[in-house]
Amino acid sequence: TTRAPEPHSAKDKDTFAYKTVAHRLPVILTKAIDTTCRRLKSLVESGVVSSDHRLDAEQEMKDSIGRMAKLRNELQTDKPFVELVSTAPDVHIWNRCLSDHMSEFRCEPKWFTTSWLYAECYLYRRVREAFQLTQYVNTFDPFSESKEEALKSSIHAIEVLTEFMRTSFATKDTDIETEFTRFIELSLWGNKCDLSLSAGSQTNQFANPTQDLIQMRDFIIDNHTKQLWHFVDTYRSSSDGLQLSLVLDNSGFELFTDLCLIEFLETSGILNDKSVVKFYVKSMPWFVSDVMTKDFHWFLRYLCDDSNTHSSAVKELAHKWTHNLKTGKWLIIDDHFWTLPHDFSQMKTISPQLYHSLSESNLIVFKGDLNYRKLTADLKWDLSVPFDTSLRGFLPTTLCSLRTIKADVVVGIQDKQMLQKIHTFADNWRETGDYAVIQLAIKQ
Ligand code: F6P
Ligand code: MG
């Protein structure tokens, strides 16, 4: 067997890894600090604390701001990573990572020399710790405002999509595989909307979903949709129904497209009465826009609320989805493994219960860029390395990745023509989210 390559790291100056650590992460931190400063004065009004605790809570917010400012300074001056100090259950795992790094490399990890994946995850974990060390603002999420704003600004796109869904379910003139392809692609491109990349600015996508999707298809540089269809189609005729796990990525518009995909799978009989859909979410604020349990509920509440959308069809859908959660047909599951710096090949050792839970389903769909980086360990793989190889043994069950490309790692490009075509792309093609992959690994 060949040795696995090195991880991507900010030590390579010409990579997106470097740009992120040097330029993008400080901006994200500054925004988190600004939001916290702004929210400090309205803690009581927004229901974070009761008026009895206003002063204590304000002081704690200031302490948290201080910790984030210190973190930004550590990042910008490339200081060594330090141990986490709170008593949360994942802390010993993070601290073990630090000591493992020290024994392996004989020095502490630093922002610009350790792996990009470790550095970026560590940053978000430290932001969490800034609030975790407080009593009254412990659960404060410095990104919740941007997640909520993002959903509000995509309401029009959500209405357009809802209409698209209603008409496509009503007309019988498109075949079911074509429909499936559309909903997969919708959920795929929904992933363009993460806020850590766009720093908050959203464009309304899918003015005309059917046409837009066809135009964007050329940008999917490795596309296993056909194989995926053949896989799920077998469940249409089985009485058991597909057991599906969806490892979610971003809140807001992307989550909406993910739930539309599930809606399609139900309507088409691929999911049936015996199917349970498990949604895996983050247990702390993560990469700005990732979904937490509370964001999922907020999202549904917002769409159910009469004053927020003109379309009764959107509200109906949101009510139906809320009902699915109540009856247990849908489960939201959070687990701290998703917010560790480990890649997925380490899941079986670090979080065996999670691995087991995933292996109970027939199919796992991994959404987004970060999940892809963790599937492939964010290593400097050759473009042509098979997707299965890059997983290094991680295959709890058949899995697929729907990912718009927003980081350096890309694998599975075996088509010679495509490899040639990639040479004609702009230099920054891996950084924009304009290109994508739909990749499948089948468990035999
Ligand atoms: O810009 C790239 C980035 O911030 C990466 O650091 C990260 O992998 C990704 O965006 C997050 O994107 P997604 O929400 O698709 O996982
Ligand atoms: Mg994300």
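All of the numbers you see were taken from the coordinates with simple rules; none came from a lab. Every value quoted in this text rests on a predicted model; they were computed, and no experiment measured them. Glycine gets a Cβ as well: all are built from the backbone with ideal geometry, and neighbour counts include every protein chain shown.
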Most fluctuating of Gln417, Gln135, Gln59 in the GNM of the chain (C-alpha, under 10 Å) is Gln417
Potential extension, Lys380-Met418 segment - 0.36 nm per residue separation minus Cα distance:
11.8 nm
Under a no-solvent Debye model with one identical scatterer per Cα of the range 1-83, what's log10 I(q)/I(0) at q = 0.19, 0.21 Å⁻¹?
-0.88, -0.97
About the Cα centre of the range 267-358, how large is the charge dipole given +1 on each Lys and Arg Cβ and -1 on each Asp and Glu Cβ? Please answer in debye to the nearest 20.
260
Rg over Rh [alpha-carbon atoms, Kirkwood Rh] for the chain
0.95
Gain on full stretching of the segment that runs from Asp218 to Ala170 - 0.36 nm per residue minus C-alpha separation
14.5 nm
Calculated Rg and Dmax of the range 385-444 using C-alpha coordinates, Å
12.7, 38
Compute the normalised compactness of the range 108-190: alpha-carbon radius of gyration over 2.2 N^0.38 Å, N being the residue count.
1.78
Charge tally for neighbours of Met292 with beta carbon under 13 Å away, counting Lys, Arg as +1 and Asp, Glu as -1, is -3
Can you tell me the alpha carbon radius of gyration of the range 280-420 divided by the globular rule-of-thumb value 2.2 N^0.38 Å?
1.25
Projected label distance in nm at Asn73 and Arg54, using a 7 Å step from Cα toward the beta-carbon:
3.1
Just report the Cα centroid separation between the range 50-101 and the range 102-152, whole Å.
8
Pop out the Kirkwood hydrodynamic radius of the range 43-134 from its pairwise C-alpha distances, inverse of mean 1/r, in Å to one decimal.
14.7
For the table Lys31/Lys421; Lys192/Lys226; Lys348/Lys416; Lys110/Lys416, the rows whose alpha-carbon distance is greater than 29 Å are Lys31/Lys421; Lys348/Lys416; Lys110/Lys416
Lys274: which lysines have alpha carbons under 21 Å from its alpha carbon, excluding same-chain residues fewer than 8 sequence positions away?
Lys320, Lys326, Lys329
So if I take the centroid of the Cα atoms in the range 216-293 and the same for the range 338-414, what is the distance between those two points in Å?
16
